[in-house]
Amino acid sequence: MTGSLIIAGLGPGADHLVTPEVTEALAQATDIVGYIPYVARVAERPGLTLHPSDNRVEIDRSRHALEMAADGRQVVVVSSGDPGVFAMAAAVFEAVEAGPDHWRDLDIRVAPGITAMLAAAARAGAPLGHDFCAINLSDNLKPWALIERRLRLAAEADFAMAFYNPRSKSRPEGFARTLDVLNDACGDARPVIFARAVSTPEEAIRVVPLPDARPEMADMRTMVIVGSSTTRIITRDGAPFVYTPRSVA
Ligand code: SAH
């Protein structure tokens, strides 16, 4: 049988936010490959082998998945959210590019998922209604100086900003520096959304003005969205709506 490799996004956490395409891919799979907590989200069944692996072994994991697909298995590599956003899809293509030529002829597809940024934005209202950027604040794969430069340029361009991995284990002070840079570069009280564990039982959403944002408001399960200078808050009884109007004068 011809093998295949699907790199699938499981969405932010809730089962009802997994797409039908991904559900179908999981149902057809013979092997599931991925980081331990993501593989744990896939139900066991006869004929399915789970291959959980630790964090930071993305290239080894990708090669293993490609080898199994080349052997004729139906392999699904799982990521949280969307697999193309700071996740396994790029790792698999890095492995394909560096690997044996026959890997290029494999049936490899990417099945998108709802990324944490969009799930978090939806909870708050529409903070990404105008131009925005997404930045991974982890410095595992790039130098901190580059992150800081991008933060300053994004603030100068007046983008709303969505931050993944706000607290990197290797540099716990990184997010404190991020807030310092933003307070310096923005100099106003635009809203900051801390959206933790969106769509899970531990979900918690908090909105604070930028000068009141504190490093400990974020952890590895938090998505941080910083508004642009035009982002608005609609107050009401209960949680406010945060939105960025579509137009700029
Ligand atoms: N591929 C994933 C992102 C992987 S990076 C996606 O598209 O969502 C991991 C980071 O995503 C976490 O540190 C956190 O910032 C964010 N994240 C993932 N799931 C989340 C959730 N349910 N709620 C809030 N943030 C989440």
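The values are calculated or read from the model by the stated rules, or taken from the named source; none is laboratory data. Values in this document were obtained by computation on a predicted structure and should not be read as measured data. Here the Cβ is made from the backbone with ideal geometry for all residues, glycine too, and neighbour counts use every protein chain on show. These accessible areas exclude ligands, DNA and RNA; they are computed on the full protein's heavy atoms, side chains included. Shrake-Rupley method; radii C 1.70, N 1.55, O 1.52, S 1.80 Å.
List the equivalent ellipsoid semi-axes of the stretch 147-234 in whole Å, largest first, each obtained as the square root of 5λ for an eigenvalue λ of the Cα gyration tensor.
Computed over the stretch 147-234, the values are 20, 16, 11 Å.
Mind pulling the angle between the C-alpha long axis of helix 174-186 and the longest principal axis of the chain? Nearest 10 degrees, somewhere in 0 to 90.
For helix 174-186, the angle is close to 40 degrees.
Counting alpha carbon pairs within less than 8 Å and at least 6 residues apart, what relative contact order, in whole percent, applies to the chain?
Answer for the chain is 20 percent.
At 222 nm, what value in deg cm²/dmol follows for the chain if DSSP H runs of at least 4 each add -39500 (n - 2.57) and the sum is divided by all its residues, to the nearest 500?
-8500 deg cm²/dmol
Counting other Cβ atoms within 10 Å, which GluC sites (Glu not before Pro) in the stretch 178-249 have at most 10 and lie in a DSSP loop?
Passing both the DSSP loop test and the Cβ count: Glu202.
With a point put 7 Å past each Cα toward its Cβ, work out how far Ala239 is from Gln28 in nm, to one decimal.
For Ala239 paired with Gln28, the spin-label model returns 3.6 nm.
Taking all protein chains together and a probe of 1.4 Å, list Asp101, Asp60, Asp237 from the most accessible to the least accessible.
Result, largest first: Asp237, Asp101, Asp60.
Among Pro143, Pro52, Pro166, determine the one that fluctuates most according to a GNM of the chain built with springs between C-alpha atoms less than 10 Å apart.
Sorting by GNM fluctuation, first place goes to Pro143.
Which number do you get for Rg(Cα) / (2.2 N^0.38 Å) in the chain?
1.09
Can you give the percent of C-alpha pairs in the stretch 21-74 whose distance is more than 12 Å?
For the stretch 21-74, the share of Cα pairs beyond 12 Å comes to 64 percent.
Taking Cα atoms, how many degrees apart are the long axis of helix 88-98 and the longest axis of the chain, rounded to 10 and kept between 0 and 90?
50
Counting each pair of different Cα atoms once, what's the Kirkwood radius of the stretch 49-173 in Å, rounded to one decimal?
16.7
Between Phe93 and Ile205, what is the spin-label point distance in nm, taking each point 7 Å from the Cα along the Cα→C-beta axis?
Simple spin-label model gives 3.2 nm for this pair.
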